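Working notes, beginning with the structure itself.
Read-outs throughout are calculated quantities, based only on the coordinates presented, and are distinct from any laboratory measurement. These numbers were taken from a predicted model, which means no experiment stands behind them. Counting neighbours? That spans all protein chains shown, and the Cβs are built from the backbone with ideal geometry, glycine included.
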Amino acid sequence: MRPWKVLLPSLLLAGCHATVPPKPFVVAAVVDTASIAVFQRDVLDLVWSLVSGRDCSIVHLEQNQPYCRPVEPLPGEPPYCTRSLGVPDCWVSREVLINPPPSLADTPPMTATQIAHQYGRWP
């Protein structure tokens, strides 16, 4: 965030005959500033993100991105690869093979629950 955006509210409050701002305004400004620093979202952004289920933030606008990030599609099933004589053989699906040999992948594929957790709604 740019420093002039943080200092602008304090400059508006300063003046020759400035009165003490009302306490609710000061509390709202502090909460809003802390929210941007901690969550990278304004308080209204947090509410809108919760209602829409998307990642929305005014910080995205500053970075020349859309206000709400687009929903990413779920990834397809990774190819199933096994050892061969020189190069790995890969298939799109494991169902094609009868009694498939062990895969070359280091980790097992993600379960449906893991995929739903990783690509689920925000928060």
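Summarising the amide proton neighbourhood of ARG41: residues at separation of 5 or more, or on other chains, whose placed amide H is nearer than 5 Å comprise ILE36.
Across region 58-92, the residues whose backbone nitrogen lies under 19 Å from the label position 7 Å along the beta-carbon direction of ARG121 are 68-74. Peptides 28-41, 64-77, ordered by how many other C-beta atoms sit within 10 Å of their residues on average, highest first, read 28-41, 64-77.
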